[in-house]
Ligand SMILES: O=C(O)CCC(=O)C(=O)O
Ligand SMILES: [Fe+2]
């Protein structure tokens, strides 16, 4: 199967070191914002706005506690293996993946972003993602569900780097408990260009998405995958399990095609192969269900303000090539990432169905015949590889 981006001219690397240098560090697209304390989108510098807002939610003592090494009590929970122990582990649960003070900080950041950079908050209906007509029966639309992401990609690294470090600790536990290092090795053997179709090694796995999710206005999330660009998803459950009824997370294995459900406690994380395994959320009967959901991929963290729809191989490859030209210091041949890359991230989407959280609707398909609906949804999932 040839994935979009497969026809891209990719650089040929002589060594791992050359490849790692070419793609650059995970913070390469936001280090400049952090060093220069500027976060400009449109005509506004959001840096001081978010900083002040955070200080409204977090006391000086909170900041001291956030920056301290966190007391780590991570425990291994559920582990699902595909097909009678022959396949990969596709989900592991890490209990106590986030400390309460870090969860408080993440919630504060979400509130600040949602209030002050409101275009980064989105109500994401699955019927819209999959191009079902507005005029479709409301019951049909409701049954597809959806959720509300506040997009924190790169912002979390700028304002809460200690939280990000702890997230990578949890990811590290997940890789070890799941044995995913083997997937890294296999994808390196299979693919000359590791960057394409690769399962990201932990320390080269940047954030393709970092979303604070809530479910107001929706009561479920239909079965989907997050797209093949995503190696691993880490979902940190921020609500208490008693804050809501129902709302189990489910995931389907590929060999037996059976559903496996899990309902984690507060601060537990599920790490799963969400890029390629179908998953969703069962009906939430009542209450509040919130999670921080991070999609890791082979590339650096997605830049500030870039839509998840655009987070595709060809776009990021092109962007890295463009930014490398600009950020390579002509005097010593090294890269200077404190200078923000001024090139616009390409917004081309390989998918016909993609709603932008930055306000543009791209080629949204509209189907008017209700009888076509089931088929359309089926085909759309296949065509888009369930891309969100
Ligand atoms: O809320 C969850 O547990 C899953 C969310 C999810 O799969 C998604 O947003 O793609
Ligand atoms: Fe998902």
Report task. Calculate the spin-label point distance for residue 347 paired with residue 143, positioning each point 7 Å from the Cα along the beta-carbon direction, and give it in nanometres. Result -> 3.5 nm
Query raised in the report: What span do the alpha-carbon atoms of region 16-383 cover on each of the three principal axes, reported in whole Å from largest to smallest?
Result: 63, 47, 43
Report summary line: Between residue 181 and residue 79, the FRET efficiency computed from the C-beta separation at R0 = 22 Å comes out, to the nearest 0.05, as 0.90
Requested in this report: Please give the length that would be gained between residue 286 and residue 115 if that part of the chain were fully extended, namely 0.36 nm times their separation in residues minus their C-alpha to C-alpha distance (nm, one decimal).
Outcome: 59.1 nm
Report summary line: If each part is reduced to its alpha-carbon centroid, region 211-276 and region 47-125 end up apart, in Å, by 15 Å
Requested in this report: Please give the FRET efficiency for residue 134 paired with residue 188, using the beta carbon to beta carbon distance and R0 = 41 Å, rounded to the nearest 0.05.
Outcome: 0.35
Query raised in the report: Can you give me the relative contact order of region 16-383 as a percent, contacts being Cα pairs under 8 Å and 6 or more apart?
Result: 22 percent
Query raised in the report: Going by a ≥ b ≥ c, the root eigenvalues of the Cα gyration tensor, does region 154-293 fall in the rounded group (a/c under 1.5), the prolate group (a/b larger than b/c) or the oblate group?
Result: oblate
Query raised in the report: Which ordering of 262, 232, 89 is given by a fewest-first count of other beta-carbon atoms within 10 Å?
Result: 262, 89, 232
Query - Residues 106, 316 arranged by fewest to most Cβ contacts within 10 Å - result: 106, 316
Query - Sorted by Cβ density within 10 Å, fewest first, the residues 124, 37, 28, 321 - result: 37, 321, 124, 28
Query raised in the report: Could you give the nm distance between label points at residue 68 and residue 250, where each point is 7 Å from its Cα heading toward the beta carbon?
Result: 4.3 nm
Query raised in the report: Taking R0 as 45 Å, what's the FRET efficiency between residue 20 and residue 241 from their Cβ-Cβ distance, rounded to 0.05?
Result: 0.65
Requested in this report: Measure off 7 Å from each Cα along the Cα-to-Cβ vector at residue 59 and residue 258, then give the distance between these two points in nanometres to one decimal.
Outcome: 5.0 nm
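No lab work stands behind these numbers, since they all come straight from the coordinates. Worth saying up front: this structure is predicted, and the values here are computed from it rather than measured. Note: ideal-geometry Cβ built from the backbone for every residue, glycine included; neighbour counts use all protein chains shown.
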